[in-house]
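The values are calculated or read from the model by the stated rules, or taken from the named source; none is laboratory data. Since the structure is predicted, the reported quantities are computational estimates derived from the model, not experimental observations. Cβ: placed from backbone, ideal geometry, glycine included. Neighbour counts: every protein chain shown.
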Amino acid sequence: MKKILLLAVIFISVNAMAQSDTTTTVEQYARMEATGRMFSTKVTIDIDFGEERSLWSDNRLRDAETGKLKKFNTIIDALNYMGSQGWVMVNAFPVNPNTPNSSPVYHYYFKKTFPK
């Protein structure tokens, strides 16, 4: 009887910990667009974290330590940066613009778990 009671207590405590974890964290998502530059091998990277954007404000990604603009050499450089910040890629796909002779814009979606 003591073994059954002990197993029940362990099961209830493990179940309670699993439920409390989901209420103390929240998943956030981000979208990264990569567009090739004309006459260059470099890419333009735009990362949308869901913040409010305005024509009058500068929403470009900046280095947290120096405050300088974060620049990426390639798409892989940007993907590595997002991974180093704890973001996990969920999906990626190209979108072809309606203009002829234009290169596709690549969209990458990421998620990350934050404390509430």
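Got a number for residues in the range 20-43 being under 20 Å from the mean Cα position of the chain (by Cα) and surrounded by 14 or more Cβ atoms within 10 Å (Cβ to Cβ)? Even if it seems obvious, please write down each step before you answer.
Of all residues in the range 20-43, those under 20 Å from the mean Cα position of the chain (by Cα) come to 22, 24-35, 43.
Subsequent filtering for residues that are surrounded by 14 or more Cβ atoms within 10 Å (Cβ to Cβ) retains 30-35, 43.
Going through the range 20-43 one residue at a time, the tally reaches 7.
Each residue in the range 61-116 was checked for being touching a Ser or Thr at 6+ places or on another chain (Cβ under 7 Å) and at pLDDT 90 or above, and 3 pass.
Go through the range 49-64 and count every residue that is within 18 Å of the chain's Cα centre (by Cα) and either surrounded by 14 or more Cβ atoms within 10 Å (Cβ to Cβ) or part of a loop (DSSP other than H, G, I, E, B) (or both). Total satisfying the criteria: 10. When the range 87-116 is limited to residues that are in a loop (DSSP other than H, G, I, E, B) and in contact with a strand residue (DSSP E or B) (Cβ under 6 Å, 6 or more places away or on another chain), the one that is farthest from Phe39 (Cα to Cα) turns out to be Lys116. Pairs linking a residue in the range 95-116 that is without any contact (Cβ under 8 Å) to a residue 40 or more places away in the chain to a residue that is among the aromatic types (Phe, Trp, Tyr), with Cβ atoms under 9 Å and 6 or more positions apart or on different chains, are Val95/Tyr106.
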